[in-house]
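Engineer: So that we are looking at the same thing, I have put the structure below in C-alpha cells.
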Amino acid sequence: MKVAPWICRSCLTRISRSPLRRLARFQSTTSTSESISPALLARARTIASEQKELTEKLANGFDARAAKKLGQQSAIVNALQTWDKANESVTELVSLIHDPTTDAELRDLAADDLGSSRTALAEAAKSLTTSLVPIHPFAHLPCLLEIRPGAGGSEAAIFAGDLVRMYESFCNRNNIRTTFLKYENVNGTSEAGLPLSEAVIEVESENAYGLFRCEAGVHRVQRVPVTETKGRTHTSAASVLVLPSLQENSLGEADFEDPESDYYVDLKEVRVEVMRAGGAGGQHVNKTESAVRLTHLPTNTVVSIQDSRSQSKNKDKAWQLLRSRLAQARREKREDEIVAMRRSVVGVAKMGRGDKIRTYNWGQQRVTDHRSGTTVHDLDDVIQGGQTLEKVMESVRNWLIEKDVEAMIAEEEFAKK
Amino acid sequence: MPRLPYSLLWKARAVDHLLPPLVKQCRDVHAAQNELRWLRAHADTLSRPNSKAHDGLLRKMVEQRSTGMPLQYILGTEFFGDLEIKCRPGVLIPRQETAASVTYLAQLLQRAKNLPSQLHVMDLCTGTGCIPLLFQHELHAARRDIQVYCLGVDISTKALDLAKSNLRKLQKTEPAIVPNLMKFMRADILKEPDNDVPSVLPSLKAALELNRKPKQWDILISNPPYISPSAYWKTTTRSVRGFEPKLALVPKAELGGTDTEQGDAFYPRLLATAVEIDAKVVLFEVADLDQAVRVAHLARKTNAFDGIEIWRDQPDQDDLEQVPENISKDRSCFPIIGAGNGRSVLLYRGVGASWLGMPAPMQGTLEQQQVSL
C-alpha cells in the first residue's frame, strides 16, 4: 500500500507558490512598452490641431497668451511627429516581414532593422507621454528646503542634521548655490554638531523646485543610534518640506506686458464702459458725466471711477485699481495654494514613521524609496549626497511623471464618458 | 422731462444745501454731487476757501448751472482725451465721443510702418481746435519720427480765436504739441470753389491758396453741424439749445431740402473736398447709425474710396448690444465697429488702407485708380 509521504504545511505552500512570483515588482510601474494609451494619443492630436489654429491666429496679430501657449505645446507637437514617424517605420517593417512575396535577404534585413525601430518607437512613445505631462507651474522657481525632526526624539534630531548635510553636499556637488536661512540646534543656537531642531535652506538656482519637489515628505531612518547604549535598532523620522521660493522681484511686479506678472491683464478680457446717458449723444447733449467702469469678465471684478472731470484720467485710475485688485486676488490665491500644499505635504497626522517616503537602513546599508520602489545599497554615497542620491531622486521624478500620466489617462477617459 | 420727486430733492438737500438746484439739471444726485465738487474746486482756485467771496462765487456758479448753463462754460474748460481744452460761450463744447474716435484713429495710425515723414491733417469745422490738438498730441507722442502738420478750418472768428488760445495754452504743458505745425484758418467750406466771387469769406480752395497752404492733405477729419432742424427740437437737451451756438449744430436753413437733407447738408461738400485735397483717410462724425449709413452710401457713390467703415461711440470696444433689425440689413454693406451709438464714418483709399492696418485694396480697384490717374 502506497502512502503519500508526510510533507509539512509550510513546505507545501512554498511549492505551490511559483518561483517567478517573488521577482515581480508591484510597487512601481516602469513602463517601457512601445504602446501609448489611445486617450493620450487623442489628446496629443487635439493639441497638434490646436497648435495649427494658434499659429494662424498669431500670423494675423500678436497675442501674448497665444504665443506662450504655442511655446509650451511645441514640445508635444514635435514629440508627436517623431512618434508618428517611428510608428510608420515599424508598421512598414512588420508588413514587409509578414509579406510572403518578400525575398529572404530583404526579410532578414527588415528583421535586423525591426529591433532598433522598436526601441526608437518605445523612446518616442516615452518622450511623447512625458511631454504631455503638464510642467508644474512652480517648477522653474528656486525653492526652500525645510527640515525638521519628527518622531524619535534626539535620534530624529541627529538624523535631521544628517539630512541637512546630505542636501548641502548634494548641492555642492552639482554646483547649486545654497544659503541657510535658518539653522537651529536643540539648544536654540546655530552651532553645528548638535542635534538639529530646524533648518531652512534656500536653493537659489532656477528649476530647483522641480528638482527637489520629490524630496518632500517623511524620511525614515533605521539604525542603532549613537545615544543607544544597549545596541537596539531604532526607527525614527525627519520631515522635509519643499516650497517654491516666490521672490517678489522674480515675478516682475510692475511689468504689465509680461503675462507671468500678477499685474498682467489681457485687454480683451476687460469691458470698458463709459457711463453715457441714454439717447443720442454727440452734439445733442453736453453731458458732464465722466465716469468709467471696467469689468474684468473672467473674474467679474468691477471698478468704477468718477473722481475727475477727465474721462481719460478716470480711465487710467480705473485701470490702475483693476490691475492692483486682480494682482491682490492672484497673490492671495497663490498663497492659499501654498498653504494647501504645505498641509498636504506634511499634515499634522502625517509626521509619524508610518507615512514615510524613504527609508535609510544602516544595518542593511540600503536606501529604499517607497514611492518608486527603488532600492540602492550604497548608503554612504547617498548620505554624502553623491551619484546614488541623484539616482534615487531621478527614479522618484519618473514615478511622479507616471502618476501624472495615469491621472491624465483617467481624466481623458472620464471626459470621454 | 419728467418731474423730479420731492423726496429726491429733500435727499439732495440733506447732503448739501447747494445740491437741489444742480439736481434739477443733472436729474441724478450722484452726478450733481460730482458737479458740485468740481464747482467747489473751481471756486477754491479763484478765491480763498471759506471766505465770503468764495461762498458768493460758488452760489453764483450753482445758480448759473441751475439755469442750464453748461458746466464747461462755467468752469471754462472741458477735458478732451488727455487735454484740457478751453471753452467759451459761442463755441461748441468738445464731446467725449469725438475724443474716442480721434484717439482710436491716432492709435490705428501709430502702428503704420509706411507713414510719410510729414503727415498733413486737415480738420474742418474745428471749433475749439480740440481735434487737431488731440490728434497731434496722440500721434506725435507715440511717433516722434513723424511731423504731424495740422490745419484747423472754421467759419467762426470766435472759434478761431479760442482755438489759437488753446494752442498757446497747451504748447506750454504738452511737449507733443508743436506750435509751428498747428495752424488755424478761416474759410467757408460750403462755398463752391468754382463760382468764387471775391468776398470777405473765401472758399476753402481760395483760402488754401491765399494762405499758401499745400493743396494735398493726407487725412481729413470733420465734426460738422449734423443735426436736422426737427432733431434739434426733439433730441438736443435744453442746455445745448439754450447755450451752445446753433451754427455748430444745425446746417443753415437756406441750403434747402427736406428736414433730413438739411441735416446731411455738409457731407456731400465734405466728400467733394476729400477728393479735391486727395485725402487718404477721412473721418466724419455723424449723429447716429441712420445718418452714418446715409453718409456711407453717399461716399460709395463717389467711387473714390476703397473702404468704408462705421464706428460707434467706443470704437475700441466690442459690440455688446444687438444691432437693430432695420440696420442689420445695411450691416452687410458696411462693417460697424465698436459699442454704443453710431458716431462716425471712416473712409480710406490707396495707401490709407495700409496706414490703418486694413487689408490692401483689391488689385482691380488699384489698377482702375492707376488708369484714372
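Engineer: Could you please report the charge total around A:Ser310, scoring K, R as +1 and D, E as -1 over all other residues with beta-carbon less than 11 angstrom from its beta-carbon?
Structural biologist: -1
Engineer: Rounded to the nearest 100 Å², what is the buried accessible area between A and B, both sides summed, probe 1.4 Å?
Structural biologist: Roughly 2800 Å² of accessible surface disappears when A and B pair.
Engineer: Could you tell me how many degrees, from 0 to 90 and to the nearest 10, lie between the Cα long axis of helix A:387-416 and the main elongation axis, the longest principal axis, of the Cα atoms of chain A?
Structural biologist: In chain A, helix A:387-416 runs at an angle near 60 degrees to the longest axis.
Engineer: Round to the nearest 10 and give me the degree value, 0 to 90, for the angle of helix B:266-276's Cα axis relative to the longest principal axis of chain B.
Structural biologist: 40
Engineer: Expressed as a rounded percentage, what relative contact order does chain A have, with Cα pairs under 8 Å and six or more residues apart?
Structural biologist: Once divided by the residue count of chain A, the mean separation gives 16 percent.
Engineer: Taking only Cα atoms and a 10 Å spring cutoff, compute GNM fluctuations for chain A and point out the largest among A:Leu163, A:Leu294, A:Leu145.
Structural biologist: A:Leu294
Engineer: Additional query: Could you estimate the translational diffusion coefficient of the protein assembly as shown from the Stokes-Einstein equation, with Rh from the Kirkwood formula over C-alpha pairs, at 10 °C and 1.306 mPa s, in whole µm²/s?
Structural biologist: Stokes-Einstein gives a translational diffusion coefficient of 47 µm²/s.
Engineer: Something else: I need to check one value: relative contact order of segment A:83-201, counting alpha carbon pairs closer than 8 Å and at least 6 residues apart, in percent.
Structural biologist: 22
Engineer: Rounded to whole Å and ordered largest first, report the semi-axes of the equivalent ellipsoid of chain A derived from its Cα gyration tensor (root of 5λ).
Structural biologist: Those come to 52, 39, 19 Å.
Engineer: Order the peptides B:54-64, B:124-134 from the highest to the lowest mean number of other Cβ atoms within 10 Å of their residues.
Structural biologist: Packing order, densest peptide first, comes out as B:124-134, B:54-64.
Engineer: Counting only helical runs of four or more DSSP H residues, what would the 222 nm mean residue ellipticity of chain A come to if each run contributes -39,500 (n - 2.57) and the total is spread over all its residues?
Structural biologist: -16000 deg cm²/dmol
Engineer: Is it possible to state the helix-based mean residue ellipticity at 222 nm for chain B, with each DSSP H run of 4+ residues giving -39500 (n - 2.57), the sum divided by total residues, to the nearest 500 deg cm²/dmol? What is it?
Structural biologist: That calculation yields -13500 deg cm²/dmol at 222 nm.
Engineer: Can you give the mean number of other chain Cβ atoms that lie within 10 Å of the Cβ atoms in peptide B:92-98?
Structural biologist: 5
Engineer: Using Cα atoms only, what is the angle between the long axis of helix A:311-345 and the major principal axis of chain A, expressed in degrees (0 to 90) to the nearest 10?
Structural biologist: 10
Engineer: Oh, and also: From zero outward in steps of 5 Å, how is the percent of C-alpha pairs of segment B:184-291 spread across the bins?
Structural biologist: Spelled out per bin, shortest first, that is 2, 11, 19, 21, 19, 14, 9, 4, 0.
Engineer: How are the C-alpha pair distances of segment B:6-67 spread across 5 Å bins, as whole percents from the shortest bin up?
Structural biologist: The percentages, shortest bin first, are 4, 21, 29, 23, 15, 7, 1.
Engineer: Given springs between every Cα pair under 10 Å in a Gaussian network model of chain A, which of A:Ala157, A:Ala291, A:Ala48 has the largest fluctuation?
Structural biologist: A:Ala291
Engineer: Right, next: Just the number, please: carbon plus sulfur as a percent of the accessible area of chain B, 1.4 Å probe, no ligands or DNA/RNA counted.
Structural biologist: 53
Engineer: With 17 Å as the cut-off, how large is the P(r) tail for segment A:32-74, expressed as percent of Cα-Cα pairs?
Structural biologist: The answer is 41 percent, as a whole percent.
Engineer: Another one. Per residue, how much accessible area does segment A:33-135 show when a 1.4 Å probe rolls over the protein heavy atoms, in square angstrom?
Structural biologist: Counting only protein heavy atoms, the per-residue value for segment A:33-135 is 61 Å².
Engineer: Now, a different point. Obtain the nm distance between the two label points defined at B:Gln107 and A:Thr227 by a simple spin-label model: each point lies 7 Å from its Cα along the Cα-to-C-beta direction.
Structural biologist: Using points 7 Å along Cα→Cβ, the separation is 6.8 nm.
Engineer: Here is a further query. Can you figure out the FRET efficiency of B:Lys60 with B:Arg300, using R₀ = 45 Å and their beta-carbon distance, to the nearest 0.05?
Structural biologist: The calculated FRET efficiency here is 0.30.
Engineer: When ranked by the protection proxy of mean other Cβ atoms within 10 Å per residue, highest first, what sequence do the peptides A:52-62, B:33-43 form?
Structural biologist: The peptides rank, most packed first, as B:33-43, A:52-62.
Engineer: I want to verify a result. In a Gaussian network model of chain A, Cα cutoff 10 Å, which of these has the top mean-square fluctuation: A:Ala66, A:Ala151, A:Ala199?
Structural biologist: Between A:Ala66, A:Ala151, A:Ala199, it is A:Ala66 that shows the largest mean-square fluctuation.
Engineer: Would you mind checking the radius of gyration and Dmax of segment B:80-356 based on alpha-carbon positions, in Å?
Structural biologist: Cα radius of gyration and Dmax of segment B:80-356 are 17.7, 52 Å respectively.
Engineer: Return the ratio Rg/(2.2 N^0.38 Å) for segment A:33-135, where Rg is computed over Cα atoms only.
Structural biologist: 1.38
Engineer: Ok, one more. Average partner chain C-beta neighbours within 10 Å, per residue of A:285-298?
Structural biologist: 5
Engineer: Average partner chain C-beta neighbours within 10 Å, per residue of B:78-84?
Structural biologist: Partner-chain Cβ atoms within 10 Å, mean over residues of B:78-84: 4.
Engineer: Between A:Ala410 and A:Ile7, what is the FRET efficiency for a Förster distance of 60 Å, r being their Cβ-Cβ separation, to the nearest 0.05?
Structural biologist: So, using R0 = 60 Å, E works out to roughly 0.80.
Engineer: Within 10 Å, count the other beta carbons around each residue, average over each peptide in B:94-104, A:77-87, and list them highest first.
Structural biologist: Result, highest mean first: B:94-104, A:77-87.
The values are calculated or read from the model by the stated rules, or taken from the named source; none is laboratory data. If you're wondering where the values come from, they're calculated on a predicted model, not measured in any experiment. FYI the Cβ positions are ideal-geometry reconstructions off the backbone, even for glycines, and counts take in every protein chain you see. Areas reflect the complete protein model, heavy atoms only, side chains present, ligands, DNA and RNA absent. Shrake-Rupley method; radii C 1.70, N 1.55, O 1.52, S 1.80 Å.
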